[in-house]
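The values are calculated or read from the model by the stated rules, or taken from the named source; none is laboratory data. Predicted model, so just to flag it, every value in this text is computed and none were measured. Reconstructed Cβ throughout: ideal geometry from the backbone, glycine too, with neighbour counts over all protein chains shown.
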Amino acid sequence: MSAQRRYNVVLLGAGRIGRIHAANAARHARIALAGVVDPIAASARSLADEWQAPVTSLEAALADPAIDGVIIASSTDTHLEYCLRATAAGKAIFCEKPIDQDLARARSAATALSGARLLLAFNRRFDPNFRALKARLDSGALGTLESLQITSNDPSPPPPSYVAVSGGLFKDMAIHDFDTARWLLGEEPVQVYAVGSCLVDPQIGKLGDVDTARTVLKTASGRLCVISNSRRSGFGYDQRIEAYASQGMARADNVVASTVQVWGEAGAAADRFQNFFLDRYAAAYRHEMDHFADVLAGAPASVGYADGVAALALAEAAAESVRSGQPVIL
Amino acid sequence: MDRIDVALIGAGRMGQVHGRNAARHPGLRLRAIVDPRPAASGIAEELGAEIAALDAVLADRSIAAVLICSTTDLHLTHALAAREAGKAIFCEKPVDLDLGKARAAAPRFEGAPFVLGFNRRFDPHYVALKASVASGAVGAIESLHLVNHDPAAPPPGFIPTSGGLFRDFTIHDLDLARWLLEEEPATIYAAASCLVDPEIGRQGDVDTARVVLTTASGRMCVISNTRRSAYGYDQRIEAYGSKGLAVAGNVEQDTVRTLTESGSAGAPIEPGFAARYVAAYRAQLDHFVEVAQGRAASLSTFADGVAALALAEACDLSAREGRAIRFQGNPT
């Protein structure tokens with residue numbers, strides 16, 4: 001029996017999330033990390049050396065018929081352009097969220113990207129806990145889903161330099177939750193209302209962004225979803241879902257750093273939550289890469305370009321609602 | 001301290017809860033029950049009270065206090081009559097369904113010995129949460145999440161007289177929001193649907209809602225309501241502060257957990273208000289006795305009832321018109 005083929009992929013972007021995907025790709029049984037591209041030569045070199053991969057360029061990678069796919073983990077403003085170039089070169093694509101910060105521009109790529117072999121990396125869809133919650137809902141054991149509570153609070157705010165280029169809380173952070181809402185509801189929201197405040201860091205407000213928000217989505221059939229976001233929880237990376245159905249409720253709770261609990265005179269205490277996304281979603285990132293191997297092998301992506309556009313549309317609507325103070329009808 | 005003679009007005013669902021607690025309370029003597037329904041005589045007998053007419057109770061100077069648990073449409077009439085007669089008043093929520101009427105009556109109750117039945121304010125878990133927040137343990141409160149899900153929809157006959165989900169049910173949460181935020185909401189948005197029972201929709205009401213309140217300082221509160229929760233009476237508060245989160249979770253019927261091949265399982269949560277808030281109803285009555293004795297100022301006033309009713313009216317307007325409502329005492 002011949003050894004299973006490994007697909008050659010090139011990583012674009014050797015930043016924080018790129019390093020995670022590089023490790024998962026390089027360690028994957030069906031994927032080989034065949035190159036690293038980054039405009040900062042030292043970043044590209046150190047990551048490439050770590051996995052004994054060559055430093056390469058986007059042009060070389062796309063021109064090389066031996067390269068099967070690309071992992072786009074570069075800065076957000078390059079996502080859409082790299083997707084277009086990679087699909088034109090016939091490569092399978094793993095692209096970090098968001099697909100773009102501009103809804104009109106993202107939509108303008110529909111012809112080229114609707115049929116692309118493109119996995120959009122909404123990591124929550126690959127988290128074992130959230131998957132198990134969806135499986136319980138899909139089993140029908142809880143009856144019909146009626147409403148959702150999605151909680152997504154970061155442990156601490158990003159630096160102002162990041163906030164300035166992030167696209168704002170809704171496109172940068174809540175976009176995950178908009179996708180999770182669509183994924184679990186199985187129905188598109190038709191009404192979006194959001195409130196946003198700057199309560200955490202005045203610097204974020206000076207940059208025109210908010211750091212605390214609540215969004216209410218309503219679907220055509222009347223189902224409701226509340227999304228809670230904060231850039232600073234004060235108690236760790238707070239990632240939870242509650243799904244209320246006609247015959248019960250399913251909850252995916254926070255993952256704790258350890259299961260140790262202690263009791264003392266002052267009461268009970270439990271360990272902190274797993275801190276931030278690199279830890280909390282470590283398994284999700286691995287499952288994402290598993291799915292990319294499937295896509296490289298010819299399977300359709302379970303989450304792609306259209307999902308990225310739909311989540312971006314909700315993010316724009318939420319930002320518009322904060323500006324106008326009124327719900328936005330989609 | 002001498003016992004205070006008290007009369008119960010209305011021996012329905014809530015009246016029986018408060019009547020039983022009053023009959024057992026060391027500071028009270030349940031003298032009379034005002035309720036024309038035949039079933040009331042059995043309750044009066046059980047509790048050692050006599051059936052009496054409202055006029056007789058109000059005229060009886062030896063009865064110093066009343067517990068108003070009549071139907072909602074009579075709360076205000078009974079409260080005003082009792083106030084006129086100089087009684088100390090415990091009154092079930094809401095004070096009325098009509099904001100204008102409630103506002104007009106408000107001056108009569110300023111400084112009065114009047115406790116409104118916002119039972120959550122007396123729940124030991126919620127009191128502990130508020131104390132924890134006040135201690136600064138989680139820093140300054142930035143946002144609240146209030147979950148209030150009824151186990152089962154009320155009978156359809158109740159809906160037309162209820163004032164609707166917001167005035168009847170959400171009003172508890174609107175009061176909790178004011179109590180915990182200690183700041184009045186400046187904007188209100190409510191999204192509501194009929195997902196549980198189509199009959200509720202036919203009667204013009206909703207059974208599932210989410211409400212977002214924001215204060216002038218930008219703090220937020222989300223309220224989650226449904227008339228039917230298949231897993232029990234879901235009553236929770238999450239208070240997000242600058243340094244952490246304070247959570248008051250559901251109360252389970254017992255503490256047993258079983259662990260088997262298929263996972264772990266615990267007892268159901270308390271099935272309804274009578275069980276979940278049993279301690280709150282007792283603490284509320286303790287407080288009422290102190291107010292009636294002149295030893296404490298009311299922690300749940302008529303004015304609180306008016307403020308919550310105004311917010312409920314704003315929720316109703318928001319849900320009907322699909323827009324956010326600016327709120328400066330009046331919904332606009």
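Taking every residue in the stretch A:242-265 that is within 29 Å of A:Asp138 (Cα to Cα) and pairing it with any residue that is among the basic types (Lys, Arg) and assigned to a strand (DSSP E or B), at least 6 positions away or on another chain, the pairs with Cβ-Cβ distances below 9 Å are A:Glu242/A:Arg251; A:Ala243/A:Arg251; A:Arg251/A:Arg240; A:Ala252/A:Arg240; A:Asp253/A:Arg240; A:Asn254/A:Arg240. Highlighted here are the strands (runs of 3 or more DSSP E) found entirely within the stretch A:64-125 that include at least 3 residues which are at pLDDT 95 or above and not β-branched (Val, Ile, Thr): A:92-96, A:118-121.
Do you know which of the residues in the stretch B:138-183 that are of a type in the set (Ser, Thr, Tyr) and out of contact with any Lys or Arg (no Cβ under 8 Å at 6 or more places or on another chain) is surrounded by the fewest Cβ atoms within 10 Å (Cβ to Cβ)?
Here is the first cut: in the stretch B:138-183, the residues of a type in the set (Ser, Thr, Tyr) are B:143, B:161-162, B:170.
Add one more test, that the residue is out of contact with any Lys or Arg (no Cβ under 8 Å at 6 or more places or on another chain), and what stays is B:161-162, B:170.
Working: B:Thr161: 11, B:Ser162: 19, B:Thr170: 26.
Here the residue is B:Thr161.
In the set B:Ala230, B:Ala192, only one residue is at the interface with chain A (Cβ under 9 Å from one of its Cβ atoms), of a type outside the set (Ser, Thr, Tyr) and within 22 Å of A:Gly325 (Cβ to Cβ); that residue is B:Ala192.
Sub-6 Å Cβ pairs linking a first residue in the stretch B:305-332 that is within 13 Å of chain A (Cβ to nearest Cβ) to a second residue that is part of a loop (DSSP other than H, G, I, E, B) and at pLDDT below 95, at least 6 apart or interchain, are B:Arg326/B:Thr332, ordered by first then second residue.
You will find that of B:Asp205, B:Asp197, the residue that is at pLDDT below 95 and more than 10 Å from every other protein chain (Cβ to nearest Cβ) is B:Asp197 and no other.
Each row is one residue, and each column tells you yes or no for (1) within 21 Å of the chain's Cα centre (by Cα); (2) of a type in the set (A, V, I, L, M, F, W, C).
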position: A:Gly15; (1), (2): yes, no
position: A:Ala25; (1), (2): yes, yes
position: A:Ala42; (1), (2): no, yes
position: A:Glu50; (1), (2): no, no
position: A:Ala63; (1), (2): no, yes
position: A:Gly69; (1), (2): yes, no
position: A:Ala73; (1), (2): yes, yes
position: A:His79; (1), (2): yes, no
position: A:Leu84; (1), (2): yes, yes
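You will find that of A:Ala194, A:Ala297, the residue that is more than 30 Å from A:Ala164 (Cα to Cα) and modelled with pLDDT of 95 or more is A:Ala297 and no other. A residue that is in contact with a helix residue (DSSP H, G or I) (Cβ under 7 Å, 6 or more places away or on another chain), in a strand (DSSP E or B), buried (at least 20 other Cβ atoms within 10 Å of the Cβ) and of a type outside the set (D, E, K, R) occurs somewhere in the stretch B:115-134. Among the candidates B:Leu176, B:Leu213, the residue that is in contact with a Leu (Cβ under 7 Å, 6 or more places away or on another chain) and at pLDDT 95 or above is uniquely B:Leu176. Give the residue that is farthest from B:Val115 (Cα to Cα), with candidates limited to residues of the stretch B:251-271 that are touching a residue at least 24 places away in the same chain (Cβ under 8 Å) and touching an Asp or Glu at 6+ places or on another chain (Cβ under 8 Å). Applying the filter and picking the extreme gives B:Pro268.
Taken over the stretch A:12-53, the residue count meeting the criterion of being surrounded by 15 or more Cβ atoms within 10 Å (Cβ to Cβ) and not in a helix (DSSP H, G or I) is 16.
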